[in-house]
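Working notes, structure below.
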Amino acid sequence: MFGYCTDPSALEGLAWLACYLTNGKHLTAYASIGTVLLLLAITAPTALTFGFVGASAARSRIAPLRWLGQGYTSIVRGVPDIVFFLFFVIALDQAFEWMRHQVLCPDWNQPVRQGNDFVVCAAAKLPLSTSPQWIHEVYGFFLAVLTFAIVFGAFAANVLFGAMRAVPKAQLETAEAYGMTERQTFWRILVPQMWVFALPGLSNLWMILVKATPLLFLLGVEDIVYWARELGGTKGRIFDYPHPDWRLWYFLALLVFYLSLTQVSEVVLARLTRKLSRGQATFAGEAQRKAAT
Amino acid sequence: MECLDTIADYGLRSIGVGQRLLPKSDFTLCQQITLIGSGLLWNIYFGILALGLGFFFATALAVGKAAQSPMIRKPCEWFIFVFRGSPLFIQFFLAYEAFVILPKEGIEIFGITAETRWLTKAWAGALVVLFLNTSAYSAEIFYGALRSVPKGDLEAADAYGLSGWRRFRRIVWPTMLRLAWPSYTNEAIFLFHATTLVFFSGFPAWQQKGDALYYASYFADKTFNPFVPYPIVAIYFILLTLVVIGIFATINRRLNKHLPGQARRIKYRPQVIR
């Protein structure tokens with residue numbers, strides 16, 4: 001990075017540290033912070049969509065659809081979510097490969113499960129064994145995102161279902177009295193009003209999502225936990241920057257990173273709550289109105 | 001019967017009793033159910049001890065956070081902030097690395113050598129982390145409850161001449177527990193769920209003695225079939241959750257015994273990962 005970093009063995013003190021912290025591997029590690037933020041940025045809206053669909057389905061008047069929605073919202077109760085994380089990553093992968101197998105190799109006559117193996121034809125492999133390394137990484141990340149979205153979608157569905165029920169009944173009855181169809185009532189009356197009721201639950205969920213991101217490591221993605229272990233481990237003389245076991249410091253840095261992330265989220269969410277409460281027929285909204293007059 | 005043999009061999013495998021080697025191939029359903037169930041013993045061990053010890057520490061922290069003097073309040077606030085604001089997963093890693101660094105021969109404190117070796121083992125090290133973590137989460141729940149103890153209760157206590165410790169023990173604390181109990185039940189359930197993280201986060205499973213999820217992922221890795229072991233874990237945990245809810249509901253009824261119709265049903269709201 002810096003000009004004087006060409007001969008690390010001659011460096012001392014701060015200069016050594018500056019070069020050490022900006023070497024190639026560290027820069028890759030900093031990029032993995034981006035992976036975490038990317039995961040948050042993709043998962044949050046996706047999970048919210050899954051949750052919205054799930055909650056709407058759970059309210060449906062068509063019984064099978066309702067059961068599906070209620071089943072989805074209740075899968076996460078009582079079972080540790082890490083079980084779902086470990087389960088979905090393999091299960092989704094096998095499900096995709098199996099579907100491609102059915103489409104691409106219709107004349108394959110052997111069973112897919114042979115003893116302890118899961119065998120699909122070569123053309124159905126995901127990603128194809130000929131594809132470059134980055135495709136493998138992207139596919140792994142995609143599976144992780146989908147897993148996160150499914151699990152957190154179920155939580156979000158739980159929250160949104162509660163929020164939809166919290167919208168005052170009179171509002172919906174008024175809408176009906178004005179001759180709105182069911183669909184109009186849903187989109188014009190229920191959905192705009194439910195957010196303020198959903199917000200406490202959703203902000204809680206966001207905090208949990210932030211604190212769940214290190215689990216990416218378990219799903220086989222090279223995230224910041226992976227790099228903290230990799231970079232912190234003892235480096236012997238053959239390395240440019242030899243150092244003893246520094247994993248403690250790396251994890252301490254991770255701890256500080258997560259503390260600041262949750263702290264910033266808390267401040268932003270508190271602001272959002274204030275904003276959304278404005279003009280609402282709730283306690284917080286009423287308090288704001290009184291303060292203004 | 002064959003399955004009974006399997007139970008005899010592997011029923012207590014997770015604590016080192018019975019067959020030394022794990023099954024290597026031709027896994028039967030009975031083997032998976034037995035071994036995963038044996039792993040559940042660790043989840044129960046971590047859960048009960050962390051919760052039992054954490055309860056008292058959490059009460060102390062909650063009272064400390066509500067204290068007037070900043071000398072007491074600030075450390076409690078920081079403790080709660082650090083443990084609630086960071087992922088449990090990172091806390092496990094950090095604690096493990098810290099325990100490894102401690103000198104192997106123990107630390108001299110006032111002439112007594114404190115053993116530190118066992119802290120790097122999961123049974124002690126992970127328990128310490130879970131204990132601190134649940135203390136912080138419970139303390140926040142208790143603190144919230146402490147602040148909503150009705151003013152009238154305190155005034156009545158004053159009128160009866162109760163003060164200091166006696167007022168806390170007989171008026172404030174029981175009311176605090178009553179108010180906090182539904183949330184505390186949820187916290188207990190999350191804690192049991194959080195125990196599945198132990199063997200995935202730095203702490204090695206010595207001689208393959210692991211918890212329920214450890215064995216489940218062992219089977220899933222070997223058979224490449226996630227559709228059997230993970231549902232087994234899920235069923236075990238649903239049962240465990242129901243037991244926890246049952247026990248806490250009993251305590252809840254006892255806490256609210258004198259209030260007719262007040263023993264509200266505890267509503268379980270999952271919150272999961274920390």
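The values are calculated or read from the model by the stated rules, or taken from the named source; none is laboratory data. Only a predicted model underlies this, so the values are computations on that prediction, with no experimental measurement involved. We place every Cβ from the backbone using ideal geometry, glycine too, and count neighbours over all the protein chains shown.
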Counted residues, segment A:73-92 - those being more than 18 Å from residue B:235 (Cβ to Cβ) and touching a residue at least 40 places away in the same chain (Cβ under 8 Å): 3
Evaluation of residue A:155 against (1) surrounded by fewer than 19 Cβ atoms within 10 Å (Cβ to Cβ); (2) touching a Leu at 6+ places or on another chain (Cβ under 6 Å) (one fails), failing number: (1)
Near pairs, Cβ below 7 angstrom, 6+ apart or cross-chain, from segment B:62-88 (closer than 15 Å to residue A:262 by Cβ) to any residue that is surrounded by fewer than 14 Cβ atoms within 10 Å (Cβ to Cβ): B:85/A:263
Sole residue being within 12 Å of chain B (Cβ to nearest Cβ) and over 22 Å from residue A:51 (Cα atoms), chosen from A:241, A:258: A:258
Those residues of segment B:206-233 which are surrounded by fewer than 19 Cβ atoms within 10 Å (Cβ to Cβ) and in a helix (DSSP H, G or I), in sequence order: B:206, B:207, B:208, B:221, B:222, B:231
Residue satisfying all of: in segment B:139-173; among the aliphatic types (A, V, I, L, M) and outside any helix (DSSP H, G or I); farthest from the chain's Cα centre (by Cα) among these: B:162
Members of segment A:229-264 that are in contact (Cβ under 8 Å) with a residue 60 or more places away in the chain and assigned to a helix (DSSP H, G or I): A:230, A:231, A:257
Residues within segment A:267-283 that are in contact (Cβ under 8 Å) with a residue 60 or more places away in the chain and either part of a helix (DSSP H, G or I) or not aliphatic (A, V, I, L, M) (or both), tallied: 7
Test: residue in segment B:174-185 that is away from chain A (no Cβ under 13 Å), at pLDDT below 90 and more than 19 Å from residue B:51 (Cα to Cα): no
Residues of segment B:56-91 that turn out to be surrounded by 15 or more Cβ atoms within 10 Å (Cβ to Cβ) and within 14 Å of chain A (Cβ to nearest Cβ), as a count: 14
Any hit, segment A:158-174, residues being buried (at least 16 other Cβ atoms within 10 Å of the Cβ), under 17 Å from the mean Cα position of the chain (by Cα) and not β-branched (Val, Ile, Thr): yes
Residue match in segment B:189-198 (condition: closer than 28 Å to residue B:248 by Cα, small (Gly, Ala, Ser) and part of a helix (DSSP H, G or I)): yes
Hey, residue A:120 surrounded by 17 or more Cβ atoms within 10 Å (Cβ to Cβ) and not in a helix (DSSP H, G or I) or not: yes
Options A:276, A:269, A:218, A:231; residue that is within 18 Å of the chain's Cα centre (by Cα), more than 8 Å from every other protein chain (Cβ to nearest Cβ) and surrounded by 15 or more Cβ atoms within 10 Å (Cβ to Cβ): A:269
